[in-house]
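Quick notes on the structure that follows.
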Amino acid sequence: MRNILFFLLIALAFSCKNDTSTPIVVEREIPPVIRDSTDFREFRVLDSRYISKEELWQPFNKDLENFTEDVYNNLKPLILEQDIPTLQNHISNGDLSYESLTKFYLYRIRKFDRENDLSLNSVISINPNVIEDAKKADKTRFVKAPHPIFGMPILLKDNINATGMPTTAGAAALQNNNANDAFITTRLKSNGALILGKANLSEWAYFFCGDCPSGYSAIGGQTLNPYGRRTMDTGGSSSGSGVSVAANFSVGAVGSETSGSILSPSSSNSVVGLKPTIGLLSRSGIVPISSTLDTPGPMTKNVIDNAILLDAMSGFDDADPKAKKSQVVSYAESLTESSIKGKRFGAFKRLMEDSLYVAAIDVLRINGAEVVEVDEVDVERSGFISLLNLDMKKDLPEYLANRASKTIELTSVQDVIDYNNLDSINRAPYGQRLFKGIVDDPGSLQYLDSIKTDLKTKSRLYFDTPFEKQNLDGFLSINNFHAGWAATAEYPAITVPMGYQDSGRPRGLTFIAKPLKERDLLEWAYVYEQVSKKRVSPVNYN
């Protein structure tokens, strides 16, 4: 098992730590026959050693006393798998309220998420004020229509600051990090979203242990995939965000990506995940890996909700040095104009052996797109791990000094290592290999600048050569197979469910475009989603 996991971490670009020095091997996944035939019973840790289910739900027991199984079952047809416009219509019609919607999700999380035969360990904490916030939403009266996100319960990956809950990054060292809202959290609240709670993640966004399975964190335990609870990987590092959305534990969730950490868990859990252009969404108040490559992004069951959530988080942040202004007034409203007629997409020849990919291409062609098979440009890259090492070495202390709770006394990566060494069985059962690599990396800031330039130049060459030669609008990939290239090129990408392998393992069709082309990405994904309708909810969680 350990050898399989080690190979997984080396070969798969599903996380925030893929070394992209080898263009093809790095972007390929473990052969599905290996992963899907593996029973994950050799996890060193399954359930959290820090979360008590009784303590987690104590604040809500009284409010949920009258929310019975009958009430829950009556609400199912109104809520399960429904998009935000449909939910808002039910509320407008009086068939649903924001309070009952919120309680429905809380009931499901309590029913399924921890310490039972179907537990997924996808939620780390619950906002203690969320029911009161929902009641206030029900009492709100408007002169003009609110943002569509109003009253919708949203989960945040637990590296995103939100008042009322600690922001742990899954790490015991930050278990008491009660920090002020991140910029995107403030934006969500200002548009009326309800922060339901925090989602589990691969600890420190999967740039920590090096030999641990994706979806593991000391605080949250081992996140499990609802499509194959012990046989399918969750993807990382936004594992809890992907799993919770797939299992209908919230309307949507926010993840974050450095290299594949939205695209991987979204495709692995059959949801829609958008990795935006870096700087389109603020990174302020998010526990970092790399100020060069980090970005938050929306993860939802469908494209319309993805666009709505992106709209709700958008806003220019002066404190983010890479901040960019959106060129679109509303991504959600633009979906009404969606079309792929005449759009030219590049399909990578080496992926044409995948039957789901070929079928998805056929759907696009039938609906007016032109798809051109392209060879991948032979570009060698190096230095990716050093980029992450050197960025985190400077970026984490900055977060700890300026964005973390004042009660957190840690100031550096070395401080975290030392803290974990005091109780390594509970705090770091898989070791801290990548954190030790950060400390040991001798690279200078000048070297960091040269790596950034080199990786970005070569990664853009990888895409731009066929872009220009074939006059392409975008690329088509699978899951997160090209996430590493898109990351270092700083190109946005979106993945949308495209079906399931014979084993039942989800697959995603991934669109990649040039910077600030989120409108195009959402429109392409929307057209494909509407004509293919490939998402099927996990059978044990209906």
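Observations on the model:
- Every residue from region 302-355 that is among the hydroxyl-bearing types (Ser, Thr, Tyr), more than 30 Å from GLU376 (Cβ to Cβ) and assigned to a loop (DSSP other than H, G, I, E, B): SER314, SER326, SER330
- Under the condition of being of a type outside the set (S, T, N, Q) and in a loop (DSSP other than H, G, I, E, B), the residues counted in region 280-301 number 9.
- Among helices (runs of 4 or more DSSP H) entirely within region 15-103, having at least 1 residues that are modelled with pLDDT under 95 and over 22 Å from THR231 (Cα atoms) singles out 53-57.
- When THR185, THR231 are checked against the criterion of being polar (S, T, N, Q), out of contact with any strand residue (DSSP E or B) (no Cβ under 6 Å at 6 or more places or on another chain), assigned to a helix (DSSP H, G or I) and on the phi < 0 side of the Ramachandran plot, THR185 stands alone in meeting it.
- Residues that are touching a strand residue (DSSP E or B) at 6+ places or on another chain (Cβ under 8 Å) and buried (at least 20 other Cβ atoms within 10 Å of the Cβ), drawn from region 518-534: GLU518, ASP520, LEU521, LEU522, TRP524, ALA525, TYR528, GLU529, LYS534
- Helices (runs of 4 or more DSSP H) fully within region 431-542 counting 2 or more residues that are under 30 Å from GLY228 (Cα atoms): 433-440, 483-489, 518-532
- Members of region 508-517 found to be over 19 Å from ALA359 (Cβ atoms), in contact with a strand residue (DSSP E or B) (Cβ under 7 Å, 6 or more places away or on another chain) and of a type outside the set (Val, Ile, Thr), listed by number: ALA513
- For region 111-134, the set of residues classified as in contact with an Asp or Glu (Cβ under 6 Å, 6 or more places away or on another chain), of a type in the set (Val, Ile, Thr) and not in a helix (DSSP H, G or I) consists of VAL123, ILE124, listed by residue number.
- Subset of region 242-255 (residues that are polar (S, T, N, Q), surrounded by 24 or more Cβ atoms within 10 Å (Cβ to Cβ) and either part of a loop (DSSP other than H, G, I, E, B) or out of contact with any Ser or Thr (no Cβ under 6 Å at 6 or more places or on another chain) (or both)): SER250
- Filtered by the rule that a residue be more than 30 Å from ALA486 (Cβ to Cβ) and buried (at least 19 other Cβ atoms within 10 Å of the Cβ), region 379-407 gives no residues.
- Restricting ALA137, ALA145 to those that are outside any loop (DSSP other than H, G, I, E, B), small (Gly, Ala, Ser) and over 27 Å from ASN176 (Cα atoms) reduces the list to ALA137.
- If you go through region 322-337 and keep only what is surrounded by 17 or more Cβ atoms within 10 Å (Cβ to Cβ), of a type outside the set (A, V, I, L, M) and in contact with a Leu (Cβ under 8 Å, 6 or more places away or on another chain), you end up with SER326, TYR331, SER334.
- Pair list, Cβ under 6 Å, 6 or more apart: region 404-417 residue under 16 Å from GLY437 (Cβ atoms), other residue acidic (Asp, Glu): none
- Residue check, THR457 touching a strand residue (DSSP E or B) at 6+ places or on another chain (Cβ under 9 Å) and not hydrophobic (A, V, I, L, M, F, W, C): no
- Residue selected from region 263-279 under the condition more than 17 Å from ASP311 (Cβ to Cβ) and not in a helix (DSSP H, G or I), by the criterion farthest from the chain's Cα centre (by Cα): ILE278
The values are calculated or read from the model by the stated rules, or taken from the named source; none is laboratory data. This one's a predicted model, so the numbers in the text were calculated from it and none came from an experiment. Using ideal geometry, Cβ is built from the backbone for each residue, glycine included, and neighbour counts are taken over all protein chains shown.
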